[in-house]
Amino acid sequence: MRALKEMADIIGVMLAVWGLMLLVLVVIEQFVVDLKLPIEGFMGALLNNALQLVIAGVLLVLWLWVWLLLTKRCRNRRLRSWSESPQELS
Amino acid sequence: MLLLKAAAAFVSSLAASWLVTPKVIEYSRRKGYLGRDVHKPGQPLIPEMGGLSILVGVAVGSVICCLLALNVEPWIVVFTCCTMIAGGIGALDYLVTLTGVTKTALTVIACLPLIVGAVLWPKHIVIGRPELPFIGTMRFTIIYWILLPFAVAAPANAVNMIDTFNGVMPITSSFSVLGLLVASLILGRWEALLMCCILLGALLGYMPYNLYPSKVFTSDVGSLAVGAAIGVIAVVGRLEIVGIVALMPQIMNSFYILSSVKGLLERRQIRERPTVVLGDNVVAANRSERAPLTLANLILSRGPLKEPELVKRYAILSFSSFILSVVTAVLMVVT
């Protein structure tokens, strides 16, 4: 039980990462894939694909950035609690 | 019949890897394939190449599946070939010592049977139609084929990167495979179910020898093969998203390493270790700014732990990702 309690914040990060991943994928599939520029022909198709790729890429990078941010905060909090209350070894 | 096949595949691969591991230990000791257990007092030499028994387990389970079906199914050929190639790359790395980039690039080759299988047997191996909760089948087409080589290489390297403490690889991988197994049951992906049974049996048969205190190390032979096998199960079973969720601890670990080391480096190329050994099996996080961030470093950032306690925390995290993967599969059914 103690081990589970100690891991709660990391599990929380994992939960957030999971939820955000599903959200980003759903947004890409529902909205980004349907984005179309009013340009016809081969150039239009190429630009549409490039635009969709860039937006999807930005969303995924944002997701990774939030993930790293959450992890760093989690680690700093854990390090602080280690410094403040040196615990006995399990 | 399917359940009988699944049970037979599970039991045969479990028995094979369990029976073969002592022979592999003996063989590794004779050949001098030994590695230091740096977390133990006195840093004893432990036989490596334990992953060979996982390969034997997978091979035996696959053969039993074929014998029971009286047919060689395309998915089983693809599954076995990908696993064996990844294991071969692991063995090559152990014997020749490859750089991080070369090894990662080579693991992409392990995807070839999957691509060839999809081209030769398009009715049996349907790929390129990943499914997502709330949406259903996604419309990724060209990008899916571009990313396909990484569907095997990424899990292979992620599983390899997490294999740093006694028992961590088989425990975390077993939970991942269990997640895929339950998801394939929920979604009715029967080929994936059989592949999961084969791999889970091989992992569980090997696990007792790798748990603390390890009698044998898996080495890249086993970890790359297990990761590649998980990748193939996810792709062939169209369980890509479930696979990502089931592999969350491994992916977290790789992401932290890649973001802090900023490149594909081998363990021996990283100067500062993410953890430090305090003696008597006690491991602590390296608090240096230059130390790479890893899952072990994150777990230990709350204070030092004995190795079995650290491994228990890995198991808790893997169990959580197992629950999440099942929830993802349920969401795929109900939405």
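Mind checking the dipole of segment B:176-296: about its Cα centre, +1 per Lys or Arg Cβ, -1 per Asp or Glu Cβ, Debye to the nearest 20?
Using only the charged Cβ atoms, the result is roughly 240 debye.
With only Lys, Arg, Asp and Glu charged, each at its Cβ (+1 for the first two, -1 for the last two), find how big the charge dipole of chain B is about the Cα centre; round to the nearest 20 debye.
Charge dipole of chain B: 340 debye, to the nearest 20.
Taking a ≥ b ≥ c as the square roots of the Cα gyration tensor eigenvalues, with a/c under 1.5 meaning rounded and otherwise prolate when a/b beats b/c, else oblate, which class fits segment B:1-127?
Note, shape of segment B:1-127 comes out oblate.
Net charge around B:R189, counting only other residues with Cβ within less than 13 Å of its Cβ (Lys, Arg = +1; Asp, Glu = -1)?
Residues near B:R189 contribute -1 overall.
Just flag the chymotrypsin sites (Phe, Trp or Tyr not before Pro) in segment B:129-187 sitting in loop per DSSP whose Cβ has no more than 16 other Cβ atoms within 10 Å.
B:F134
Please tell me which of these pairs span more than 23 angstrom C-alpha to C-alpha: B:K31/B:K215; B:K40/B:K262; A:K72/B:K262?
Flagged as over cut-off: B:K40/B:K262.
To the nearest 10 degrees, how steep is helix A:2-27 against the longest Cα principal axis of chain A, on a 0 to 90 scale?
Around 10 degrees separate the two axes.
Kindly identify segment B:148-194 as rounded, prolate or oblate by the Cα gyration tensor criterion: order the square roots of the eigenvalues as a ≥ b ≥ c, call it rounded if a/c is under 1.5, otherwise compare a/b with b/c, prolate if a/b is larger, else oblate.
Oblate, since a/c reaches 1.5 and b/c is not below a/b.
Kindly provide the trypsin sites (Lys or Arg not before Pro) of segment B:240-335 that DSSP labels as loop, not H, G, I, E or B, and whose Cβ sees at most 14 other Cβ atoms within 10 Å.
Here the sparse-neighbourhood loop sites are B:K262, B:R271, B:R287, B:R290.
Take every Cα-Cα distance within chain B, group them into 10 Å bins from 0 onward, and report for each bin the whole-number percent of pairs it holds.
Here the calculated profile for chain B is 6, 27, 36, 22, 7, 1.
Would you mind getting me the FRET efficiency between B:T141 and A:S81? Use the beta-carbon distance for r and R0 = 35 Å, nearest 0.05.
0.15
Based on the alpha-carbon gyration tensor of the protein assembly as shown and its eigenvalue square roots a ≥ b ≥ c, which shape applies: rounded if a/c is under 1.5, prolate if not and a/b is larger than b/c, or oblate?
oblate
Please sort by residue number the trypsin sites (Lys or Arg not before Pro) in segment B:98-189 whose DSSP state is loop and whose Cβ has at most 16 other Cβ atoms within 10 Å.
Loop-located and lightly packed - B:K123, B:R139.
Counting other beta carbons within 10 Å of each Cβ, put B:L2, B:L19 in order, fewest first.
Exposure proxy ranking, most exposed first: B:L2, B:L19.
Can you tell which of A:M7, A:M21, A:V58 lies farthest toward the positive end of the dipole of segment A:2-76, using +1 and -1 charges on the Cβ of basic and acidic side chains (Lys, Arg; Asp, Glu)?
A:M7
Against the longest principal axis of chain B, how steep is helix B:219-236, in degrees 0 to 90 to the nearest 10, with axes from Cα atoms?
Tilt of helix B:219-236: around 30 degrees.
Using Cα pairs closer than 8 Å and at least 6 residues apart in sequence, work out the relative contact order for chain B, in percent.
Answer for chain B is 25 percent.
Work through the residues other than B:T137 whose Cβ is under 14 Å from its Cβ and net out their charges, Lys, Arg +1 and Asp, Glu -1.
Residues close to B:T137 contribute a combined charge of +1.
Taking the Cβ-Cβ separation of B:R29 and A:V66 as r and a Förster radius of 45 Å, what is the calculated FRET efficiency to the nearest 0.05?
0.40
Other chains' Cβ within 10 Å of B:323-333 residues: what's the mean?
Mean partner-chain Cβ count within 10 Å for B:323-333: 1.
What is the mean number of Cβ atoms from other protein chains located within 10 Å of the Cβ atom of each residue in peptide B:295-304, rounded to a whole number?
Average neighbour count from other chains, rounded to a whole number: 6.
Quick one: putting +1 on the C-beta of Lys and Arg, -1 on the C-beta of Asp and Glu, what dipole do you get for segment A:2-76 around its Cα centre, in Debye to the nearest 20?
Dipole size: approximately 480 debye.
Give me the one-decimal nm value for the distance between modelled label points at B:I186 and B:L67, 7 Å along each residue's Cα-to-Cβ direction.
3.5 nm
With a Förster radius of 30 Å, plug the Cβ-Cβ distance of B:L211 and A:L23 into 1/(1 + (r/R0)^6) and report the FRET value to the nearest 0.05.
My answer for the efficiency is 0.20.
How big is the Cα convex hull of segment B:193-335 in projection, averaged over all directions, in nm²?
Average projection, Cα convex hull of segment B:193-335: 10.1 nm².
Between B:L2 and A:A50, with labels modelled 7 Å along Cα→Cβ, what's the label distance in nm to one decimal, could you check?
4.7 nm
Which longest uninterrupted range of chain A lacks any GluC sites (Glu not before Pro) assigned by DSSP to a loop state (not H, G, I, E or B) and surrounded by at most 12 other Cβ atoms within 10 Å?
A:41-87
GNM on chain B, C-alpha springs below 10 Å: top fluctuator among B:V72, B:V96, B:V283?
B:V96
Simple spin-label model, 7 Å along Cα-to-Cβ: B:R129 to A:V33 in nm?
1.3 nm
Pick out, from B:M195, B:P292, B:I135, the residue whose Cα sits farthest towards the positive end of the charge dipole of the protein assembly as shown, with +1 on the Cβ of Lys and Arg and -1 on the Cβ of Asp and Glu.
Of the listed residues, the answer is B:P292.
When the Cα atoms of segment A:2-76 are enclosed in a convex hull and the volume is divided per residue, what value in Å³ results?
69 Å³
For A:D9, B:D93, what's the fewest-to-most ordering of other Cβ within 10 Å of each Cβ?
Listed from fewest to most nearby Cβ atoms, that is A:D9, B:D93.
How large is the helix-only mean residue ellipticity at 222 nm for chain B, computed as the sum of -39500 (n - 2.57) over DSSP H runs with n ≥ 4, divided by its residue count, in deg cm²/dmol to the nearest 500?
For chain B, the value works out to -22500 deg cm²/dmol.
Quick note: the coordinates plus some simple rules give every number you see, no bench work behind them. Keep in mind that this is a model prediction, so the values were computed, not measured. Because the Cβ atoms are built from the backbone with ideal geometry, glycine has one as well, and the counts that use them run over all protein chains shown.
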